[in-house]
Amino acid sequence: MTLLLLPFSGSQDIAEKISSAGDFDVGELEVRRFPDGESYVRLRCDVSMRSIAIVSSMNNPDPKLAPLIFAAATARELGARRVGLIAPYLAYMRQDTRFRDGEAISAPIFARLLSGAFDWLVTVDPHLHRIGRMSDVYDIPAEALHAGPLLARWIGDSVTDPLLVGPDAESEQWVGAVANSVGAPYVVAQKRRLGDRHVEIQLPDTSRWKQRTPVVVDDIASSGRTLLEVAKLLQGRGMRDAVCTVIHGVFADQAFRELTRAFRMVATANTIQHPSNNIDVSGLIAPTAMRLGSGA
Ligand code: R5P
């Protein structure tokens with residue numbers, strides 16, 4: 001059964017690319033706000049007896065959540081047989097513990113909401129840290145794909161003599177693998193988060209690699225503070241101008257502008273639509289979406 005993709009605003013480009021990478025139809029979904037702030041959702045295509053997938057990157061997740069749930073429920077009411085979610089970037093994976101009394105542990109709550117609305121989900125490199133596997137929080141088939149090999153290919157094609165730099169202990173899992181594929185050395189910094197926009201970073205000695213180009217690799221750039229602090233430390237070491245490559249360019253507020261001042265180049269994957277997208281993950285998503293959409 002051909003999977004019908006219904007893209008949310010901001011995810012049309014990746015939906016088109018996914019559709020070119022496999023057997024898909026693309027339909028139209030209308031989402032807008034009423035003057036009072038409530039959401040209007042309309043499926044502008046026939047979903048009866050179809051297997052469908054809503055395509056929505058979940059950056060800026062709160063305004064998307066209600067329309068997403070309305071769209072999924074409406075598709076079921078109108079006869080869709082399976083309703084999936086392709087979320088190239090999945091939000092609320094970092095609030096995975098209660099650091100202070102009374103805090104919401106948002107990750108499992110968000111996962112329960114999505115698990116109640118969809119039959120399956122596919123995403124790219126969700127922030128799995130204290131949550132080890134998607135099945136720890138999602139009750140539906142929820143697959144996490146890995147963009148590391150695509151990052152490695154981009155670095156190999158674009159940067160001569162790279163030194164990979166992971167900004168924190170969590171990044172070692174993909175920085176080490178990417179460095180091995182590129183055949184480059186890597187170092188991993190230590191990070192202490194002091195607030196939403198305040199981190200302290202300690203970078204190990206890099207003096208052996210002065211002739212290399214530092215490539216800072218991270219999963220998410222949100223406030224950008226993590227990458228900016230690493231850039232500052234690298235600049236003080238007289239190395240070549242650094243490059244940074246990030247899977248999910250969330251780029252809150254002025255983060256992207258600040259990062260382009262600090263790095264020679266900022267490259268992201270197209271999990272969130274942005275002018276810095278250099279790494280295409282659609283070919284990664286297409287086969288998994290077709291398999292999950294078919295119920296196999
Ligand atoms: C954190 O654990 C992640 O891997 C990223 O390093 C973090 O989300 C980046 O956030 P920000 O850009 O706000 O420093």
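Filtering the stretch 137-176 to residues that are in a helix (DSSP H, G or I), away from the ligand (no atom under 15 Å from the Cβ) and surrounded by fewer than 18 Cβ atoms within 10 Å (Cβ to Cβ) leaves Pro149, Arg153, Gly156, Asp157, Ser158.
Within the option set Leu85, Leu78, Leu43, Leu113, being modelled with pLDDT of 95 or more, more than 16 Å from the ligand (Cβ to nearest atom) and either polar (S, T, N, Q) or touching a Phe, Trp or Tyr at 6+ places or on another chain (Cβ under 8 Å) (or both) holds for one residue only, Leu85. Looking across the stretch 177-203 at every residue that is assigned to a strand (DSSP E or B) and out of contact with any strand residue (DSSP E or B) (no Cβ under 7 Å at 6 or more places or on another chain), the one that is modelled with the lowest pLDDT is identified as Gly195. Under 8 Å by Cβ, and 6 or more places apart or on different chains, what pairs join a residue from the stretch 273-288 that is in contact (Cβ under 8 Å) with a residue 60 or more places away in the chain and within 15 Å of Ile247 (Cβ to Cβ) with one that is among the aromatic types (Phe, Trp, Tyr) and not in a loop (DSSP other than H, G, I, E, B)? Listed pairs, sorted by first residue: Asn278/Trp154; Ile279/Trp154.
The numbered conditions (1) without any contact (Cβ under 8 Å) to a residue 40 or more places away in the chain; (2) closer than 27 Å to Asn278 by Cα; (3) more than 10 Å from the ligand (Cβ to nearest atom) are all true for Arg192 except (2).
Please specify each residue of the stretch 245-273 satisfying the condition of being assigned to a loop (DSSP other than H, G, I, E, B), β-branched (Val, Ile, Thr) and either within 12 Å of the ligand (Cβ to nearest atom) or under 17 Å from Val175 (Cβ atoms) (or both). Don't jump to the end; show me each part of the working.
To start, the set of residues in the stretch 245-273 that are assigned to a loop (DSSP other than H, G, I, E, B) comprises 250-254, 263-264, 270-273.
Keeping just the survivors that are β-branched (Val, Ile, Thr) gives 250, 271-272.
Result: Val250, single match.
Looking only at the stretch 3-28, residues that are over 21 Å from Val281 (Cβ atoms) and either within 18 Å of the chain's Cα centre (by Cα) or in contact (Cβ under 8 Å) with a residue 40 or more places away in the chain (or both) come to 0 in all.
Mind listing whichever residues of the stretch 240-257 are more than 18 Å from Leu150 (Cβ to Cβ), crowded, with 18+ Cβ neighbours inside 10 Å and free of Cβ contacts under 8 Å to residues at least 40 places away in the same chain? Step through it out loud before you land on a result.
First, pick out the residues of the stretch 240-257 that are more than 18 Å from Leu150 (Cβ to Cβ): 240-242, 250-257.
So of that shortlist, the ones also crowded, with 18+ Cβ neighbours inside 10 Å come out as 240, 242, 250-251, 255-256.
Across the stretch 240-257, the qualifying residues are Arg240, Phe251, Ala255, Phe256.
What are the pairs, 6+ residues apart or on separate chains, where a residue within the stretch 50-75 that is in contact (Cβ under 8 Å) with a residue 40 or more places away in the chain and surrounded by fewer than 24 Cβ atoms within 10 Å (Cβ to Cβ) has its Cβ under 7 Å from a residue that is of a type in the set (Gly, Ala, Ser) and in a strand (DSSP E or B)? Note: pairs meeting the criteria are Pro67/Ser39.
Restricted to the stretch 204-234, and to residues there that are part of a strand (DSSP E or B) and of a type outside the set (Gly, Ala, Ser), the residue that is farthest from the ligand (Cβ to nearest atom) is Thr213.
The values are calculated or read from the model by the stated rules, or taken from the named source; none is laboratory data. Nothing here was measured: the structure is a model prediction, and the numbers come from that model. Reconstructed Cβ throughout: ideal geometry from the backbone, glycine too, with neighbour counts over all protein chains shown.
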